[in-house]
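The values are calculated or read from the model by the stated rules, or taken from the named source; none is laboratory data. Being a predicted model, the structure only gives us computed values, none of them experimental. All Cβ positions, glycine included, derive from the backbone under ideal geometry; neighbour counts span all protein chains shown. Ligands, DNA and RNA are excluded from the accessible area calculation, which covers all protein heavy atoms including side chains. Shrake-Rupley method; radii C 1.70, N 1.55, O 1.52, S 1.80 Å.
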Amino acid sequence: MLPTGAKDSQLRESNSQKVHPQPMEEAMNQNPEAVEALISKLFTNISSLKSAYIQLQAAHTPYDPDKIQAADKLVIAELKNLSELKHFYREKNPKPVCVSPQDSRLAEEIQEQQSLLKTYEVMVKKFQSEIQNKDSEVYQLQQQIEEANQRRAKLEKNLKLRGLSTKESESSTDENGFFPVDLTPDLFTSAVEASFKAIHDFSKPLINMMKAAGWDLDAAAGSIEPNVLYAKRAHKKYAFESHICQRMFSGFQQENFSVKSDNLKVSKESFFHQFLALREMDPLDMLGQNPDSIFGKFCRSKYLVVVHPKMEASFFGNLDQRNHIMGGGHPRTPFYQAFLKLAKSIWLLHRLAYSFEPNVNIFQVKRGTEFSEVYMDSVVKNLMVDESDQKPKVGLMVMPGFSFGGSVIQSRVYLSGMKAAE
């Protein structure tokens, strides 16, 4: 028998240890070669996992979907092998009664490797998500390339029609009679809307530059069309839109749009081919290819009447841009490029108007004309008639009207002497 003090000491030492089904030392001594082989295999698998992870990273630069997929499968396979080792170890080696220092280090290393595996699993999921996103981006880019190739083929075909050459002739007809767009009233209506928007869009930088140059906008609006009674001061912007409209549509009723060219008869098909040729192109790129085309002459002449020399001098401090245009050039300045967008929309509308049989008719509304809901549309909707009971009258025409095939596209007008609805 042991003394009472010795028994108590032995119990305390026993209680400080963890209790497990069987001793660890006994399990280790039974088959140390198997444990050593298991640990060796564990380290080999971890090394393989690291190698697979490096391959997965390398496959992203440059991006290679096939290599990424192969590396991904390799990483998953190594993770499965490690998982199988873990289960094998747990089945063959239940937890021991006591843990020696060597066993403790081994357990800590195994735990560290398990934490590392979790990290790899998270990174693999992240890479899989990135792969899916990249695949989606690649698909979208392939679609864009396909669409761009289709547009390029269409433009190349249209350019062969010589729709914008300096000499117009019947020879510009498409040999196959193929038109990418159908000539319909709806097509013309959409072109009218685009022209109206282009006038509005160009008036914005024009007014802003006038403000920056110190112009009196009230006086400028009054000089364009005097004695117009505006419901609001902000409505004076329509005076500048009217100025742009009047200058840009001058000569629209003429087949050559008041542009001097060879006196060659132009067919309906040729007008439509010209519309198609410019429709999808940047106007500055077209003018870079043929600066002296009829379209180029049209842009030159319209710029010189829309932008007054005094206005241009106040904007830029000189007339260098104007002189360059008068000399036959087309400058690549932001202001001139903004004007070219306007010129392109009006030119396309004219080409389209003369593509129909019979031609589309244009009509303009003079100031003081009594308002007609059939032929006119007010650009401001919340206006009320004055108490004098007089019928509303036109103060400004902001966009002309058109008629064809028994249909009417209303002229856009600003009504003078009206009151804004509160």
Any chance you could look up the accessible area of ILE131 with a 1.4 Å probe, heavy atoms only, rounded to 10 Å²?
-> 30
How much of LYS50 can a 1.4 Å solvent probe reach, expressed as accessible area in Å² and rounded to 10?
-> 100
Rank these by accessible area, largest first, 1.4 Å probe: HIS308, HIS330.
-> HIS308, HIS330
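Which order do TRP347, TRP215 take when ranked by solvent-accessible area (1.4 Å probe, heavy atoms of all protein chains), largest first? Display every interim value, and only then the final one.
Working: TRP347 0, TRP215 90 Å².
Solvent-accessible surface, decreasing: TRP215, TRP347.
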For ARG90, tell me the accessible area in Å² from a 1.4 Å probe, rounded to the nearest 10.
-> 150
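Just to verify a number: FRET efficiency for LYS310 and SER407, C-beta to C-beta distance, R0 = 41 Å, to 0.05?
Details: r = 42 Å, r/R0 = 1.02.
Efficiency, rounded to the nearest 0.05: 0.50.
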HN-Hα J couplings of region 329-334 from phi, Karplus 6.51/-1.76/1.60, θ = phi - 60°, integer Hz, Gly and Pro as x?
-> x, 9, x, 9, 7, x
Two pseudo-spin positions, 7 Å from Cα along C-beta at ARG332 and at ALA70, lie apart in nanometres by 4.5
Residues with amide H under 5 Å of MET399's amide H, sequence separation 5 or more or different chain, H placed in the peptide plane at 1.01 Å from N; which?
-> ARG412
Where does each of LYS125, LYS197 land when they are ordered by accessible area, with a 1.4 Å probe and the largest first?
-> LYS125, LYS197
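Here are some pairs, LYS41/LYS73; LYS232/LYS297; LYS197/LYS366; LYS197/LYS393; which of them have Cα atoms lying more than 28 Å apart in this structure?
Correct reply: LYS232/LYS297.
Suppose we keep just the DSSP beta bridges with both residues in region 270-422; what percent of those would be antiparallel, to 5?
The antiparallel fraction comes to roughly 80 percent.
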